Amino acid sequence: MKKKLTILGSTGSIGRQTMDIIQNDLESFEVVALAGWNNIDLLTIQINKFRPKYVVVKDDKVAKELKNRLKNRCNCNILYGEYGLNKISAIKEIETVVVAITGMAALKPTIEAINAKKEICLANKEIVVSAGEVLTVKAKQNGVNLIPIDSEHSGIFQCIQPQYFDNIEKIIITASGGPFYNLKETALENVSVEDALNHPNWKMGSKVSIDSATLMNKGLEVIEAHWLFGITVSKIEILVHPQSYIHALVQYDDGSMITQLSNHDMHIPIHFALYYPRRVKNNFSRINLAQIGQLTFRKIDTKRFPSIDLCYDAIKQGGTAPAVLNAANEVAVNAFLNKSIKFKNIIKIVSTVMSKHKNKNNPDIYDIINIDKETRKLTEKLCDEIK
């Protein structure tokens, strides 16, 4: 029987790789709904290939353009905006929602999917950081699996043995170090957007690539791991592993350490999530340990990359602090991508915004959405001032 899917963010980096996997096994999957926002060219190709019943785009203008492109060749319902995303996340016939939209736009549709008791394949870091408590509580109440797609949390997910959960001593998330880890601090002053996007191991979207360059992504992954797996922050560590073959390690109190290794290919964790709880054979490249020869590790330098400490501080504060961290970082990263601020100012701005925030404990989803909006306005103002 085919697994019926909604793909949120089908035209993005994770979405495209998800579609690759589905395309290679149409006997196992049926795409019921797609959300592609405003990439009409690619979305048209996907619609013609997968014949979904529902498609969601950014607004009514894009919806009209898409309808003209299709010219009745595909009898699908074209929706738009937040309403459309929420609608296709809770369609009765679907079983699984792949959340590959970046940013807070994914929060409400993910909540809709959880309330509708859909399995979630989750590739969105921001909503877990900002609203992790709300998401995980609702998922538990509804008996919903949150299956992580990113390589590190997929690795943790695979290494945790539920019967030994209480025996976990610590979880280790690995970091490549990004493109600038070995640069002198003075050299970080003048790095370009192009340099920052040039990750040594992975091909990722622009926002994630910049987060990797500041190492913010690793701090955010600590917060994610805390919520997704119910692990106290004091038990989560980060190690620099430049080769990026080991994605996560789980150490147990009997001295055993379980680890997950795979090549630098996001198809692998996506494939695992889509087929879960089964393991299904694929033709992705395998690791050749003899060829690699050596795997190395070192402690992370939080003085040169203070984003890590900001993340630990945010999750220790709890409440709305992680939402502020996430929103400020998104705005600052966007300003850097637009060449409005320098690379080193990204984390300085995030730190300044966090220092101004009055934390609110036990926030609900509306508190988080409001704080997110307020933080973005404040951060945009600071970015303009620092130009």
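Only the coordinates and a few stated rules stand behind these numbers; no lab work does. Since the structure is predicted, the reported quantities are computational estimates derived from the model, not experimental observations. Methodologically, a virtual Cβ is constructed for each residue, glycine included, from the backbone with ideal geometry; neighbour enumeration extends over all protein chains shown.
Report relative contact order for the stretch 3-148 in percent, whole number only (criteria: Cα-Cα under 8 Å, sequence separation at least 6).
Value for the stretch 3-148: 22 percent.
How far is the Cα center of the stretch 101-121 from the Cα center of the stretch 286-351, in Å?
Computed from Cα coordinates, the inter-centre distance equals 24 Å.
I need the per residue convex hull volume for the stretch 3-148, using only the alpha carbons, in cubic angstrom as a whole number.
94 Å³
Give the lysines whose C-alpha is closer than 19 Å to that of Lys3, dropping any in the same chain fewer than 8 places away, or say none.
Here the lysines satisfying the reach criterion relative to Lys3 are Lys49, Lys53, Lys87, Lys92, Lys117, Lys118, Lys281.
Once you sort the root eigenvalues of the Cα gyration tensor of the stretch 267-374 as a ≥ b ≥ c, which label holds: rounded (a/c under 1.5), prolate (a/b larger than b/c) or oblate (the other case)?
prolate
Let me know the whole percent of all Cα-Cα pairs from the stretch 1-46 that are separated by more than 18 Å.
21 percent
So what's the back-of-envelope 222 nm ellipticity for the chain, counting only DSSP H runs of four-plus at -39500 (n - 2.57) apiece and dividing by all residues, rounded to 500?
-14500 deg cm²/dmol
From Cα pairs below 8 angstrom and at least 6 apart in sequence, can you work out the relative contact order of the chain, rounded to a whole percent?
Relative contact order comes out at 14 percent.
When only alpha-carbon atoms count, how far does the chain stretch along each of its three principal axes, as whole angstroms with the largest first?
That works out to 58, 51, 41 Å along the principal axes.
Taking the number of other C-beta atoms within 10 Å as the exposure measure, put Ser206, Ser262 in order starting with the fewest.
Taking fewest neighbouring Cβ atoms as first place, the list is Ser206, Ser262.
More than 17 angstrom separation, counting every C-alpha pair in the stretch 144-267; what % is that?
Values: 4393 of 7626 pairs.
Tail fraction, whole percent: 58.
Could you tell me which helices of the chain pass both thresholds, a Cα extent of 18 Å or more along their own axis and a mean Kyte-Doolittle hydropathy of at least 0.5, with helices taken as whole DSSP H runs?
Long hydrophobic helices here: 321-337.
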